[in-house]
1. What ranking of TRP67, TRP125 emerges when the number of other C-beta atoms within 10 Å of each C-beta is taken as an exposure proxy, fewest first?
2. With just the Cα atoms defining each centre, how far is the range 85-120 from the range 133-178? Give it in Å.
3. Please list 45-58, 159-172 highest first by mean number of surrounding beta-carbon atoms within 10 Å per residue.
4. What ranking do 4-15, 127-138 get when scored by the average of other Cβ atoms within 10 Å per residue, highest first?
5. Using the Kyte-Doolittle scale, which helices in the chain average at least 0.0 and also have C-alpha atoms spread 15 Å or more along the helix axis, with helices defined as whole DSSP H runs?
6. Could you give the size of the charge dipole of the chain about its Cα centre, using +1 on the Cβ of each K and R and -1 on the Cβ of each D and E, expressed in debye and rounded to the nearest 20?
7. When only Cα pairs under 8 Å and 6 or more residues apart are kept, what is the percent relative contact order across the range 34-178?
8. Taking the Kirkwood radius as the inverse of the mean 1/r across Cα pairs, report the Rg/Rh of the chain.
Amino acid sequence: MLKGKLDELDHNFYAKIKITNLKTAIFKIITFLASAKFIALLCLLILLFVKNKMIFVVILINMLIMWILIGVLKNTFKRERPNIKRLVNEKGYSYPSGHTMTGAIFYGFVIFLIMISDLILPLKWILTIILTLLIFLVGYTRVYLGVHYLSDVIGAILFGTSYLLLYIYFTYFILSLI
């Protein structure tokens with residue numbers, strides 16, 4: 001019964017999407033912001049430009065655990081990708097959305113770092129809102145581009161956020177000991 005409801009939700013949501021060339025071009029850029037290549041580049045930039053190398057280490061550990069977790073989840077659920085018009089080519093299983101989970105975990109951790117930083121409060125909130133919107137936009141782009149179901153994205157946000165909260169708890173505890 002639940003599977004039938006999820007299938008209905010997935011198909012109804014996708015049916016409401018209106019595809020245009022401009023949106024497709026913009027959404028390809030947004031989805032790239034949560035790709036493994038782009039996140040790896042951001043990690044390299046963090047290594048080069050952040051003075052506190054411990055931040056790089058906790059981000060790198062977070063990303064490595066995350067990519068392993070995504071692989072385990074995808075190979076556990078083995079959900080095939082949607083059989084709809086795909087605007088980009090993707091390989092592998094559909095559930096959970098790797099881009100969405102990557103965005104939730106990476107940018108969610110950046111939000112955590114921003115919130116514990118010395119930045120002024122209005123800037124913290126502006127950056128937090130922008131990054132939160134980015135996380136949800138990445139999820140939407142994955143459905144729009146035809147490579148995930150809405151339930152793949154929702155699952156990725158739930159898995160990613162749950163994992164992230166645990167990682168933040170342990171990281172914050174470990175960093176307070178140093």
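Read-outs throughout are calculated quantities, based only on the coordinates presented, and are distinct from any laboratory measurement. Because the structure is a prediction, the values reported are computed rather than measured. Methodologically, a virtual Cβ is constructed for each residue, glycine included, from the backbone with ideal geometry; neighbour enumeration extends over all protein chains shown.
1. Fewest-to-most ranking of TRP67, TRP125: TRP125, TRP67.
2. First find each Cα centre; the distance between them is then 6 Å.
3. Details: 45-58: 12.1, 159-172: 16.4.
The packing order, highest mean first, is 159-172, 45-58.
4. On the way: 4-15: 12.7, 127-138: 16.5.
Output ranking for 4-15, 127-138: 127-138, 4-15.
5. Result, helices passing both filters: 21-32, 36-49, 53-77, 98-115, 121-144, 150-177.
6. On the way: 18 positive and 7 negative charges, 90 e Å.
Result for the chain is approximately 440 debye, rounded to the nearest 20.
7. Once normalised by length, the contact order is 28 percent.
8. Values: Rg = 17.1 Å, Rh = 17.2 Å.
Across the chain, the Cα-based Rg/Rh ratio is 0.99.
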